[in-house]
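Read-outs: derived from the displayed coordinates by stated rules, not from any lab. Remember, predicted model here, so these are calculated numbers, not experimental data. As a convention, Cβ positions derive from the backbone with ideal geometry for all residues, glycine included, and neighbour counts pool all protein chains shown.
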Amino acid sequence: MSPELTAALSLCRNLPSPPAIAVRLIELAQDPETDIASAADVIALDMGLSARMMRIANSPLYASRRRIENLGQALTMLGLNATLQLALGFSLSRALREDEDHAQLLQAVWRRSILSALAARYLGLARNVRKVEELMLAGLLQDIGILALLQLRSDNYPSLLAGAGSNEELLAHERTIFECSHADIGAELCEQWGLPPYLVDAIRHSEAPAEPTDLFGRCVALSGSIAEIWLSKDTDQARDTALRLVHAQLEMDSSQFELVLQQVSQMLPEISALFDVPVPSPARITYLLDHAAELMALRNLRELQDAGAAKRRADDFEQQARRLTEQAHLDALTGLLNRRQLEVVLAQEFDRAGRADRPLSVAFIDLDDFKKINDQHGHLVGDQVLQAFASQLQGQLRGSDTVARFGGEEFVVLFPGTNEQTALEVIRRVLGAITQTPIVTVANMPLHVTFSAGVATHGAYERFTDMRDLLKAADDVLYRSKNLGRNRVIARAPDPHPTAC
């Protein structure tokens, strides 16, 4: 890059710049002490960004069996790394599209960026790259230098961009006129913003003749060639070029390549809506993907007929990732959060309650005489009871509440921003509903259950040292409830009417 252009890039005041929230997200991403609660506090400042994070948590890209109802649940499900990377991508893309003078050109740039983001993600999944959200962010930002050149060279670059018939033609013109490419400009700009070096390097090496040596960089560089399949006038030629490059640089065969294209195509409508940038799929692409799916089905059928390859079916990478996430966070029997994930969420809510000076109530629930159910009806019926109870319990709580299976027949409910009396009333209402309706039917006979529960609250008259002390306090109250005769809910605070429901 010429010294003149470097100087212009550092001095130009009209260049796109990240908004305040994006700047804060960049800082959080580089702070080893960052946690989900800190990220949530920043994201919550922007209602539009919060809504997008909830939508992506509920999208097929990350969907779990439980509907995400609030920002805290969304960020907990996504995890800290995905939260920061995706939120940063949403924040930057929205802020950097606000240029009415070049609206059509920017629309085309962002179409390519969204396609590249998806392509980078699924190439990374195919090659087992762990940083899939970082790949999406790098793919989204790899053409950010075009936005800078639209401002730096507003006299000639818009016409240059509009007249380029392909990305290769645009790059050739840029190097002839500016002695660099938009990838060089984008890397310089992102370095000024303070983005991590691996993202800056991936953007710098995203265009030929650069040849990234690491797997992350190769996935980003190849994502643009896959985006061209949707954008080029000659879809077949673009597909053949992308397949050749992917095979040479990632050692992927045609079936793996077609799977990546199918995954991009399936997620494209969802991601386009999230970024508010329409990216249609030309009829030729639909035909190619359908044809590839038919060939794959025939190949799979032949494999099934081969005794030595009876079980060889290509796993869908995204479904595998989703199953692994569920195994890590959810209880296999009930679909609720498991104990380990409960402790993560409780720690976050406890920290958030302390910083916001608001109450946090915890209810510890234990099904009464559950051992008798197992002894009289068997463990399969016991499992049915636990599943039905979990479903009814979750169905009667608010979207902002969190319910988890602690272990065996024990459950825990978190009530953020809720005082002890309100939490007590909610759990008592649940107990009343549970006792009035058979939980399951066994041999055409209704089976009823009751439970005992204890409620403790951090805030108001009592404050606990940490979340474990709060959980233990609720557990202690639960045992007091059991000793009083079961089938009742009591609170840690003195209650003049600790009667059974």
(message) Tell me which trypsin sites (Lys or Arg not before Pro) from the range 395-488 have a DSSP coil assignment and no more than 15 other beta carbons within 10 Å of their own.
(response) Arg398, Arg463, Arg486
(request) Using only alpha carbon pairs under 8 Å that are at least six residues apart, calculate the relative contact order of the chain and give it in whole percent. (result) 12 percent
(request) Give the span of the chain's Cα atoms along each principal axis, as three whole-Å numbers ordered largest to smallest. (result) 85, 62, 34
(message) Under the 0.36 nm per residue contour assumption, what length would be gained going from the current alpha-carbon distance of Met47 and Ser391 to full extension?
(response) 120.8 nm
(request) Calculate one ³J(HN,Hα) per residue across the range 158-174 by plugging θ = phi - 60° into the Karplus curve 6.51 cos²θ - 1.76 cosθ + 1.60, and present them in order as whole Hz with x for glycine and proline. (result) x, 5, 4, 5, 5, x, 6, x, 7, 5, 5, 5, 4, 4, 4, 5, 4
(request) Could you please report the charge total around His247, scoring K, R as +1 and D, E as -1 over all other residues with beta-carbon less than 13 angstrom from its beta-carbon? (result) 0
(message) Between the range 331-380 and the range 461-485, how far is it from one alpha carbon centroid to the other, in angstrom?
(response) 13 Å
(message) If you take every residue apart from Asp234 with its C-beta less than 12 Å away from the C-beta of Asp234, what net charge results, scoring Lys and Arg +1 and Asp and Glu -1?
(response) 0
(message) Would you calculate the convex hull of the Cα atoms in the range 17-95 and tell me its volume per residue in Å³?
(response) 77 Å³
(request) Please give the contour-minus-distance gain from Ser154 to Asp383: 0.36 nm per residue of separation, less the Cα-Cα distance, rounded to one decimal in nm. (result) 75.7 nm
(request) Output ³J(HN,Hα) for the range 219-236: one whole-Hz value per residue in order, computed from phi by the Karplus curve 6.51 cos²θ - 1.76 cosθ + 1.60 with θ = phi - 60°, and x for Gly and Pro. (result) 4, 5, 4, 6, 4, x, 5, 6, 4, 5, 4, 7, 9, 6, 6, 9, 4, 4
(message) Within 15 Å, Cβ to Cβ, of Ala208, how many net charges do the neighbouring residues add up to if Lys/Arg are +1 and Asp/Glu are -1?
(response) -4
(message) Test of the criteria: in the range 363-456, which GluC sites (Glu not before Pro) are in a DSSP loop and have at most 15 other Cβ atoms within 10 angstrom of their Cβ?
(response) none
(message) Whole-Hz ³J(HN,Hα) for each residue in the range 103-117, computed from phi via Karplus 6.51 cos²θ - 1.76 cosθ + 1.60 with θ = phi - 60°, x for glycine and proline: what do you get?
(response) 4, 5, 5, 5, 4, 5, 4, 6, 4, 5, 5, 5, 4, 5, 4
